[in-house]
Amino acid sequence: NAGVMQNPRHLVRRRGQEARLRCSPMKGHSHVYWYRQLPEEGLKFMVYLQKENIIDESGMPKERFSAEFPKEGPSILRIQQVVRGDSAAYFCASSPLAGRNEKLFFGSGTQLSVL
Amino acid sequence: GENVEQHPSTLSVQEGDSAVIKCTYSDSASNYFPWYKQELGKRPQLIIDIRSNVGEKKDQRIAVTLNKTAKHFSLHITETQPEDSAVYFCAASKDRFDSGAGSYQLTFGKGTKLSVIP
């Protein structure tokens, strides 16, 4: 089992560009969470998705951020028109359980740097 | 919403000594409390967790205690080793066990940087 795979590990974007972060959950997991981590801070919940459904996006900024988890392929976190404040580590986690945080496995994260 | 406070922010101990990290939470409905270890540049890894129907849980050198009345929980590491050096995060959530109300999100503390000095 390869674990939760995120790519890229590092992503550099200039202000105004788009950032696309990918997450492939562990085999057999159909629940995906995205968290953001600022330096010296804990992780902050952004969104929870099941296949083809956004279940809880209460932690997502209202503008420029979107997430999807299609029937086929990885989950994508998309940030449009990036700004310097978007620089952070973005972690994806997957779980085999619906609505429970047990057995939550995190990926290695994508470090986004906005120049 | 839930608020989790974690102390201390940094902790240095001599190898072989014990380390204790404390967290408090605000939402009395929270029922699941995991602890994660994160080494520099790596993923958070679950090291131990506890549910609200249990007061204490132990796994080798690691233990967690929960006081529901006071709304605080603690991580205890005994016989610390240099490889225990990392940032430790506590978290809290209201997990759903049925179709009732709950929350999908973990609320994390800000972390404790533990340094074990050889």
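The values are calculated or read from the model by the stated rules, or taken from the named source; none is laboratory data. All values derive from a computational prediction rather than experimental measurement. Positions of Cβ are backbone-derived with ideal geometry, glycine not excepted, and every protein chain shown enters the neighbour counts. These accessible areas exclude ligands, DNA and RNA; they are computed on the full protein's heavy atoms, side chains included. Shrake-Rupley method; radii C 1.70, N 1.55, O 1.52, S 1.80 Å.
When the residues of the range A:20-45 are filtered to those that are under 23 Å from B:LEU40 (Cβ atoms) and open to solvent by less than 10 Å² (accessible area, probe 1.4 Å), the one that is farthest from the chain's Cα centre (by Cα) is A:GLY42. Residues in the range A:50-86 that are surrounded by 16 or more Cβ atoms within 10 Å (Cβ to Cβ), touching a Pro at 6+ places or on another chain (Cβ under 9 Å) and assigned to a loop (DSSP other than H, G, I, E, B): A:PHE69, A:PRO74. Among all positions in the range B:34-46, there is no residue which is over 30 Å from A:HIS10 (Cβ atoms), open to solvent by less than 20 Å² (accessible area, probe 1.4 Å) and at pLDDT 95 or above. Return the residues of the range B:4-16 that are closer than 21 Å to A:PRO39 by Cβ, over 14 Å from the mean Cα position of the chain (by Cα) and more than 11 Å from chain A (Cβ to nearest Cβ); say none if nothing qualifies. Across the range B:4-16, the qualifying residues are B:LEU11, B:SER12. In this structure, A:LEU97 does not satisfy being surrounded by fewer than 18 Cβ atoms within 10 Å (Cβ to Cβ), of a type outside the set (Asp, Glu), more than 11 Å from chain B (Cβ to nearest Cβ) and in contact with a strand residue (DSSP E or B) (Cβ under 8 Å, 6 or more places away or on another chain).
If the condition is being away from chain A (no Cβ under 13 Å), over 11 Å from the mean Cα position of the chain (by Cα) and closer than 14 Å to B:LEU114 by Cβ, then the range B:17-49 contributes B:ASP17, B:SER18, B:ALA19. The numbered conditions (1) open to solvent by 10 Å² or more (accessible area, probe 1.4 Å); (2) closer than 27 Å to A:ASP56 by Cα are all true for B:GLY55 except (2). For B:LYS113, the stated conditions do not hold, so it cannot be described as open to solvent by 60 Å² or more (accessible area, probe 1.4 Å) and either farther than 18 Å from B:VAL13 by Cβ or not in a strand (DSSP E or B) (or both). How about the range A:10-66: which of its residues are charged (D, E, K, R), farther than 20 Å from B:LYS42 by Cβ and away from every other protein chain (no Cβ under 14 Å)? Residues satisfying the conditions are A:ARG13, A:ARG14, A:ARG15, A:GLU18, A:ARG20, A:LYS27, A:LYS51, A:GLU52, A:LYS62, A:GLU63, A:ARG64.
Of all residues in the range B:60-82, count the ones that are over 13 Å from B:SER28 (Cα atoms) and either under 12 Å from the mean Cα position of the chain (by Cα) or without any contact (Cβ under 8 Å) to a residue 12 or more places away in the chain (or both). Reasoning before the result, please.
Quick first cut of the range B:60-82, residues over 13 Å from B:SER28 (Cα atoms) only: B:60-65, B:74-82.
Remaining after also requiring either under 12 Å from the mean Cα position of the chain (by Cα) or without any contact (Cβ under 8 Å) to a residue 12 or more places away in the chain (or both): B:60, B:62-65, B:74-77.
Qualifying residue count, the range B:60-82: 9.
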